[in-house]
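S.K.: After the structure tokens below, expect a handful of questions from me.
The values are calculated or read from the model by the stated rules, or taken from the named source; none is laboratory data. If you're wondering where the values come from, they're calculated on a predicted model, not measured in any experiment. FYI the Cβ positions are ideal-geometry reconstructions off the backbone, even for glycines, and counts take in every protein chain you see. Remember, those area values only see protein heavy atoms, side chains included, never the ligands or the DNA or RNA. Shrake-Rupley method; radii C 1.70, N 1.55, O 1.52, S 1.80 Å.
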Amino acid sequence: MPQEDAVLRACKAALAIRAEYAAASCEDDHPLSDFRIGIGIATGRAVAGKIGTVDQVKITVFGPVVNLASRLEGLTKLLRAPILIDEMSARALRAQAPPTVARIRRVARVRPYGLDTPLEVCELLPPAGTILN
């Protein structure tokens with residue numbers, strides 16, 4: 001279902017997740033203190049549905065955009081950026097979010113495994129002045 005603010009909402013959620021992990025990393029006794037995250041966000045059409053039996057049903061998504069988001073997530077460690085977004089998401093976010101909500105930094109032009117054409121990858125950053133570990 002199309003949503004005009006889908007990219008903005010996804011990016012806000014990703015930044016909130018990053019902030020929670022950063023807060024946990026500051027506490028030595030927190031069970032997630034040693035964890036690092038990688039989030040990939042891509043924009044496009046996907047198919048969502050249930051698979052499995054009546055006893056064990058799972059909800060999943062399929063489509064090229066899902067594969068792209070997975071590839072971006074995989075690049076987060078290599079590019080040392082916790083949240084990566086594709087070109088289409090970056091364009092939408094630039095139009096929807098002021099720098100007080102989120103910032104975008106171009107990181108690289110890459111051709112992820114399984115894709116035929118290179119794409120620009122951007123890092124999603126919190127507003128300036130936000131301190132994260």
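S.K.: Given Cα pairs under 8 Å that are at least 6 residues apart, what percent is the relative contact order of the chain?
M.R.: Worked out over the chain, it gives 25 percent.
S.K.: Same structure again: Take the solvent-accessible surface of the protein heavy atoms, probe 1.4 Å, and return the percent of it on segment 6-133 that carbon and sulfur atoms account for.
M.R.: About 55 percent, which is the carbon plus sulfur part of the accessible surface.
S.K.: Divide by every residue of the chain the summed helix terms, -39500 (n - 2.57) for each DSSP H run of at least 4, and state the resulting mean residue ellipticity at 222 nm, rounded to the nearest 500 deg cm²/dmol.
M.R.: Computed mean residue ellipticity for the chain: -11500 deg cm²/dmol.
S.K.: Using Cα springs under 10 Å in a Gaussian network model of the chain, which residue among 77, 12, 50 shows the largest mean-square fluctuation?
M.R.: Among 77, 12, 50, the largest mean-square fluctuation in the Gaussian network model of the chain belongs to 50.
S.K.: Which value, in Å² and to the nearest 10, is the accessible area of residue 34 when all protein chains are kept and the probe is 1.4 Å?
M.R.: That residue has around 140 Å² of solvent-accessible surface.
S.K.: Could I have the simple spin-label model distance between residue 96 and residue 45, label points 7 Å from Cα toward Cβ, reported in nm to one decimal?
M.R.: 1.9 nm
S.K.: Excluding same-chain residues fewer than 8 positions from residue 50, which lysines have a Cα within less than 17 Å of its Cα?
M.R.: Cross-link targets: 58.
S.K.: Just to confirm, what accessible area per residue do you get for the chain at 1.4 Å probe, in whole Å²?
M.R.: Here the residues of the chain average 68 Å² of exposed surface.
S.K.: Ordered by residue, what ³J(HN,Hα) values in Hz, to whole numbers, does segment 119-130 give under the Karplus form 6.51 cos²θ - 1.76 cosθ + 1.60, where θ = phi - 60° and Gly and Pro are x?
M.R.: The phi angles translate into 9, 7, 10, 10, 8, 8, 10, x, x, 4, x, 7 Hz.
S.K.: Using only the heavy atoms of the protein chains and a 1.4 Å probe, how would 72, 32, 125 rank by accessible area, largest first?
M.R.: Greatest to least solvent exposure: 32, 125, 72.
S.K.: Contact order normalised by length for segment 46-122, with contacts defined as Cα pairs under 8 Å and 6 or more residues apart; what percent is it?
M.R.: Here the relative contact order equals 23 percent.
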